[in-house]
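Quick notes on the structure that follows.
Please treat every number below as a calculation from the coordinates, not as lab data. A quick note: this is a predicted structure, and the numbers were derived from the prediction, not measured. When we count neighbours, we look across all protein chains shown, and the Cβ atoms used for this are built from the backbone with ideal geometry, even at glycine.
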Amino acid sequence: MTARKPFALRLDPALHDAIERAAATDLRSINAEIECLLREALARRGVKVAVSATPKRGRPKAE
């Protein structure tokens, strides 16, 4: 499993509020919304970002 890299991010309160509203509209967390916005911005600039394999969520199947 690839660990996510935490870091502190200081945002203008108005920007945070706008991201929070956009996240609610898309049914995402603020963190997921920021990640999505960053990926979209990088894609527009032609920067390719590999998508890391994420572990499956939920309870493992019974054997």
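Explain nothing, just the number: dipole magnitude of the chain about its Cα centre with +1 on each Lys and Arg Cβ and -1 on each Asp and Glu Cβ, in debye rounded to the nearest 20.
That gives the chain a dipole magnitude of about 380 debye.
Between Ile30 and Ala53, what is the label-to-label distance in nm when each label sits 7 Å out along the Cα-to-Cβ direction?
Spacing of the two 7 Å Cα→Cβ label points: 3.3 nm.
What number results when the radius of gyration of the chain, computed over Cα atoms, is divided by 2.2 N^0.38 Å?
My calculation over the Cα atoms of the chain gives 1.42.
Calculated from DSSP H runs of 4 or more alone, at -39500 (n - 2.57) each and per residue, what is the 222 nm mean residue ellipticity of the chain, nearest 500?
Value at 222 nm, helices only: -14500 deg cm²/dmol.
Using mean Cβ contacts within 10 Å as the protection proxy, how do 23-30, 11-18, 43-50 order, highest first?
Highest to lowest by the protection proxy: 23-30, 11-18, 43-50.
How high is the relative contact order of the chain, in percent, with contacts defined as C-alpha pairs under 8 Å that are six or more residues apart? Provide the component values of the computation, followed by the final result.
On the way: 20 pairs, mean separation 22.1, N = 63.
Once divided by the residue count of the chain, the mean separation gives 35 percent.
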